[in-house]
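Just so it is clear, none of the values below were taken in a lab; they were calculated from the coordinates. All values derive from a computational prediction rather than experimental measurement. Glycine gets a Cβ as well: all are built from the backbone with ideal geometry, and neighbour counts include every protein chain shown.
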Amino acid sequence: MPVSLPPTTDKRTLLGPIQARVSVCVKCPHLARSRTQTVFGVGNPDAELMFIGEAPGADEDAQGEPFVGRAGQLLTKIIAAMGFNRADVYIANVLKCRPDMPAGVSGNRPPTPDEMQTCLPYLAEQIAIIRPKVLVALGATAVEGLLGTRSTMREMRGRWHSHAETPLMITYHPSYLLRNQAPAEKRKVWEDMLQVLERLGRPITEKQRNYFRT
Ligand code: URA
């Protein structure tokens, strides 16, 4: 006699079929051809905090995990400074494939509007399953993906926005901090993360409050 199981609410189980669809996605044939593999997302499916970046770079394309290159190492440090392990939060990108580059050209290019529109439904599914308490958009491309608007980071960062009824904090992409190492810029990102910790009701030490104060 067939046994019908109740629909699962286990978030890891729910994410599995989406990851499987992403891994064979050919909606952007040029990216499907150029990628080593798709980069779905990593971390705790029950996370209260979810970071959204732009797209995989060369390191992420090689390893199949978001934010593992230089910018990723800095993001991991920011997460640790907030008092989390990288495995406690969830990290994903707007694009699941590395934007292709002409042969022999190094570096990255931003996703095109078409690529973003094509890929965004996957991120929407991830967010709908994970249902974090707070989303953090890293940089202008993530903002464009989540809010559908493009504005200057100076205008957008450091205050609360909302995506799918979830509080959304906007901050600079870690690669911006790699390019611009001024303590005042680090402090801006850190102040944004202090607001995130407050919103999550996490304890904040005096030492944490003073990080990167100039
Ligand atoms: N930059 C991003 O936006 N995402 C990554 O996964 C790596 C670098």
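How large is the charge dipole for the chain, taken about the Cα centre, if only the Cβ atoms of Lys, Arg (+1) and Asp, Glu (-1) carry charge, to the nearest 20 debye?
440 debye
Set the bar at 30 Å for Cα to Cα. Now go through Lys96/Lys188; Lys11/Lys207; Lys133/Lys186 and name every pair that lies beyond it.
Lys11/Lys207, as the Cα separations exceed 30 Å there.
Using a/c under 1.5 as the rounded threshold, could you call the chain rounded, prolate or oblate? The axes a ≥ b ≥ c are square roots of the C-alpha gyration tensor eigenvalues, and prolate needs a/b larger than b/c, oblate otherwise.
Note, shape of the chain comes out oblate.
Which of the aspartates and glutamates could a cross-linker span from Lys27 if the Cα-Cα distance has to be under 16 Å and same-chain partners fewer than 8 positions apart are dropped?
Asp100, Asp114, Glu115
Run through the DSSP bridge list for the chain and note the antiparallel percent, rounded to the nearest 5.
Here the antiparallel bridges make up roughly 35 percent for the chain.
Please label the shape of the stretch 116-175 as rounded, prolate or oblate, based on the square roots a ≥ b ≥ c of the eigenvalues of the alpha-carbon gyration tensor (a/c under 1.5 means rounded; beyond that, a/b larger than b/c means prolate, else oblate). Don't jump to the answer; show the numbers that get you there.
Values: a/c = 1.90, a/b = 1.32, b/c = 1.44.
Oblate, because a/c is 1.5 or more while a/b does not exceed b/c.
If you find the alpha carbon centre of the stretch 35-88 and of the stretch 164-192, how far apart are they in angstrom?
15 Å
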